[in-house]
1. Separation between the His155 and Glu320 pseudo-spin-labels, each 7 Å from Cα along Cα→Cβ, expressed in nm?
2. With only alpha-carbon pairs counted, each pair once and no self-pairs, how large is the Kirkwood hydrodynamic radius of the stretch 186-266 in angstroms?
3. Restricting to Cα pairs below 8 Å that are 6+ residues apart, what does the relative contact order work out to for the chain? Please round to a whole percent.
4. First measure r as the distance between the Cβ atoms of Glu613 and Asp805, then evaluate 1/(1 + (r/R0)^6) with R0 = 30 Å and state the FRET efficiency to the nearest 0.05.
5. Sort the following peptides by mean Cβ neighbour count (other Cβ atoms within 10 Å, averaged over residues), highest first: 288-299, 18-29, 383-394, 137-148.
6. Kirkwood hydrodynamic radius, computed over distinct alpha-carbon pairs, for the stretch 261-357: how many Å, to one decimal?
7. Please work out the C-alpha center-to-center distance from the stretch 67-126 to the stretch 417-491 and express it in whole Å.
8. Please figure out what share of the DSSP beta bridges in the chain is antiparallel and state it in percent, rounded to the nearest 5.
Amino acid sequence: MSDLVTLTIDGIEISVPKGTLIVDAAKQIGNDIPVFCYHPKLEPVGMCRMCLVEIGYPMRDRATGELMCDENGEPKLNFGRGLQTACTVPVGEGIAVRTTTENVTDARRSTLEFLLSSHPLDCPICDKGGECPLQNQTMAYGLGKSRVHYGDKLHLNKHVSLGELIYLDQERCIQCARCIRFQQELVDDPVIQFHDRGRHTEIVTFSDPGFNSYWSGNTTDICPVGALTTADFRFGARPWELTPVASLCTHCPVGCNTTMSTRREARAGGQRVIKRVMPRQNEAVNELWICDKGRFARHYADTGERLRTPLIRKNGELVEADWSEALDLVAGKLQQHGTAVAGLAGGRLSNEDHFQFQKLFRKGLGSANIDLASRRLAGGDVVAKVGLSSGSNLKALSAGDAIIVVATDLHEEAPVWWLRVKQAAERGAAIIILNARAPRLDKFASHVRHYQPGQAVDAVRQLVNLAKVDTETNGDALAAAAEMAAQANNLVAFYGSEGVTYEETDAIARLLANLLLLKNGDGHAGRPNNGLIPVWPHNNTQGAWDMGVHPAYGPGYAAIENPGLGATAVYEGAANGSVKALFIVGADPVGDGLMAGRGQLEFLVVQELFLTETAALADVVLPAQSWAEREGTFTNGERRVQRYYPAIAALGGSKADWQILAEISERVGLGKPAFAASLVFNEIAKAVPQYKGMDYRTLAKVEKQWPDVGGEDAYYGGNAYENRSGLGQQWAAQAESEAVAPLDAPETAAYANDGLALIRAAALYTPGTLINQSAILQDRLAQPTIAMNAADAAAAELVDGDLIDVTVAGTAQTVKKTVTALVHISNTPSGLMLLRGVPYVAGTAVAEISKLEKEEELA
């Protein structure tokens, strides 16, 4: 309580923590002091002067220091002669703030008059109209008429491209610098800046390509006027025409909360279409932000390339069929092949889909041959024991805490996690990075270990062993990192799959778990803000593990007595004929280089959104709905189960994945299917112990969050949506309720280092089935590129810009393939090549490179 400060604002007494800004204190009692430049997530600058208020300070006797009181015994206040900015002045004990006096009202009116002196009168055609802070504040505090002659207005360019994603209207800009400060302070991408002076001040971009940042779309949300707009929403709709629908991002394991704005359009036959995607506040997940991939890579939901009706192969061709014929054929063929059937699922399916999928195979077909199609990252069973504890929030990590990041580039794989870890570092948390190369997070790390290719497990094992004993660091970086991790107040560990195999990721997860368990009972494992976080390759890989889409684990990580075939063995079985029938849902293993054609399969069924390379080889193709057409749940990498809602009507005759699987299940004897996703989730809550007590109503619960955004005062926090549809529920890891024994972490196969090693480096805009449908992102897609050291390039007689063929040797997890890539000379460690722009390469690979002749380059 000693940290609280008591003051009055317009006669209302309030107590707030020391250091709170007056504008924030007023907000807590519903007093909305108007602002333009201030944003609760940015450092205050007091530029716009819209928040001017009168502040009275308690008067003290100069001789004694005692408070001076009036005849009524009340402290005397000195309001001084001027007004002060509420966004830069912190609260003080006993001060009084006035926000409605004549002086304050006159100041607001004058500020608005200056801002409007050259502002265009184009509200009727402005994208911001209807949710514009300048419009709202002009109505509330403005003069009502202009004293500026039209001929004195400064006319500037109305359609300035800051890149292919963001456009600037120079006339509308009020130079609040919110966008510039966001890029500099929050996301460390200072790619836009002010240029020129006075009335000619304008925003320019200094990057190539323009506005080169993964966060550019957020600047349009926090812009208090219509100066910044996105290319795919500009002049697309008016805010009051839009219906907001709560949803979730489908592109990475962070699980960002979003809002899809929809409206009915004649060109869609009167159906609803998605006009834009914006962030929805969830301070425990994505706060107020989303990356540009989550914002712009949404067009696959309603593209014309979508499958709309079942297809059956007849006379060698895929032809349209009705649902009854297709489902009867699928059920019959799967039963016909008995236990020689297998199922592979993608990590983007919902929990309901995954649960119904494993139920079909285990209970309906009697087969345990089920797995995720892409075996990139292991450790779901480990996460169930020591995962990030429930009640955790990365925003709480600060000085005295430590974050370990192993074999992952968060900036490319999970941008919002990168942002939150970066901010933790800025609050004083120690960042420990172990990687074969330097990811962007290195800049904010206090301890960095760049291990040799193929040595990830050894590096983590050494870190854990050093943390177990008290030893002198003697300047050794890894020993210092181990000491920091062992002594940290809170410890969070991220791990990924960059340059490591599936088996190696399992070992890394177990080793990091043992590091967290060193203080089990009185330290790290099981306490809030401590635990393990896997950087899964897809948005709901965690949910797939929870639901039992694994050959050795059933729902809730129940061990299977007779484990089935994993994905690698299934691909081998498809090639040699031991697997007769294969059911693939929401994955493209042929296109991803995991499966070499259909091999000797007698029957292949694919359930998909598009006619992928795998679907084109199938005997039956079943059209599924996208997440935008249905409701369901995803579980993010922090094990938070979250709900999403339908935004648009189903395309053609497509059905939800769980519904298709349920109808097949009925045909193989599992009884009448559930008719709603919520009922499937109720079944999940009974079968999966970790989900006990959850249902669609509990997932939809909300609570008040700070900062308070999304209300009528759009100027305070920007246009991010208030969360009214559910914050989700985080299930508890085993270490939260009972002791967990240390885990075995067996040795892994050594990497044969004979020549240049190759690692796939993640890129946020890696081409793929979904992102390829967004025309707006085509110029940003990562093209195949080989980054290599200058000395290595010289030894291979290569220069920057050469085109080469890169042949990656086949492994147990991937097939041999050749990619044509562009050479990029960089600071990559000697002996290592980084391949970007391809779906997947397992572990640290052996590769052959050959330079293309000029004729081949031209071709």
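The values are calculated or read from the model by the stated rules, or taken from the named source; none is laboratory data. Remember, it's a predicted structure, so these values are computed and weren't measured experimentally. Cβ placement follows ideal geometry from the backbone for every residue including glycine, while neighbour counts extend to all protein chains displayed. Keep in mind that these areas ignore ligands, DNA and RNA; they rest on the heavy atoms of the full protein, side chains included. Shrake-Rupley method; radii C 1.70, N 1.55, O 1.52, S 1.80 Å.
1. Modelled inter-label distance: 5.3 nm.
2. One over the average 1/r among Cα pairs gives 15.5 Å for the stretch 186-266.
3. Details: 1913 pairs, mean separation 109.9, N = 859.
About 13 percent, as a whole number.
4. Taking R0 as 30 Å, the efficiency between Glu613 and Asp805 is 0.90.
5. Values: 288-299: 25.4, 18-29: 19.4, 383-394: 23.1, 137-148: 13.3.
Packing order, densest peptide first, comes out as 288-299, 383-394, 18-29, 137-148.
6. Numbers: mean 1/r = 0.0559 Å⁻¹.
One over the average 1/r among Cα pairs gives 17.9 Å for the stretch 261-357.
7. Each part reduced to its Cα centre gives a spacing of 48 Å.
8. Working: 69 of 118 bridges.
Around 60 percent of the beta bridges assigned by DSSP in the chain are antiparallel ones.
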